[in-house]
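A short write-up of the structure that comes next.
The values are calculated or read from the model by the stated rules, or taken from the named source; none is laboratory data. Quick caveat, the model's predicted, so the values are computed rather than measured. When we count neighbours, we look across all protein chains shown, and the Cβ atoms used for this are built from the backbone with ideal geometry, even at glycine.
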Amino acid sequence: MRGWVPHETLLPATDLVIGHDGHSTTFKALAHGVPILVLPINPISDQLHVGRTLETAGLARLLARTATASQIRTCVTEMLDDEELQARVAAADRRLRRAPPGGEVAAARILATLKRTA
């Protein structure tokens with residue numbers, strides 16, 4: 001166990017991120033082609049909204065913070081086996097990598113485009 005590991009060290013060897021959907025981890029995961037299982041912890045923050053947007057775009061799955069271990073395990077298994085999900089996340093990765101400096105703005109535009117075309 002480590003308290004903190006840089007995204008650039010961890011994500012290239014990661015198949016799936018499970019998190020509350022903070023912006024940094026979310027965009028870094030997408031920029032490394034890693035799908036996200038979103039478990040928002042703060043109902044009044046933007047975590048739920050961002051999670052829903054990612055799920056609508058087909059880049060993540062969203063579970064309630066009250067999800068059971070069994071529900072999380074099932075969702076993880078489904079996501080790891082979902083070739084279409086992997087393809088969509090890989091496409092988002094390619095788009096993010098082509099984005100000019102200021103990638104956060106480009107990432108937001110990509111998510112908006114994906115949401116409209118989903």
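Of the residues 19, 58, the single one that is over 20 Å from residue 117 (Cα atoms) and within 13 Å of the chain's Cα centre (by Cα) is 19.
For segment 12-69, the set of residues classified as small (Gly, Ala, Ser) and over 19 Å from residue 106 (Cβ atoms) consists of 13, 19, 45, 51, 64, 67, 69, listed by residue number. Given the criteria more than 16 Å from the chain's Cα centre (by Cα) and modelled with pLDDT of 90 or more, does residue 67 qualify? Taking the combined requirement at face value, the residue satisfies it.
Pairs are defined by a Cβ separation below 7 Å, a sequence spacing of at least 6 or placement on different chains, a first member in segment 73-93 that is free of Cβ contacts under 8 Å to residues at least 60 places away in the same chain, and a second member that is part of a helix (DSSP H, G or I) and surrounded by 15 or more Cβ atoms within 10 Å (Cβ to Cβ); the pairs so defined are 85/79; 89/30. Take the conditions (1) in contact with a Ser or Thr (Cβ under 6 Å, 6 or more places away or on another chain); (2) more than 22 Å from residue 39 (Cα to Cα); residue 115 misses just one of them, which is (2).
Checked against the criteria, residue 94 does not count as farther than 25 Å from residue 13 by Cβ and charged (D, E, K, R).
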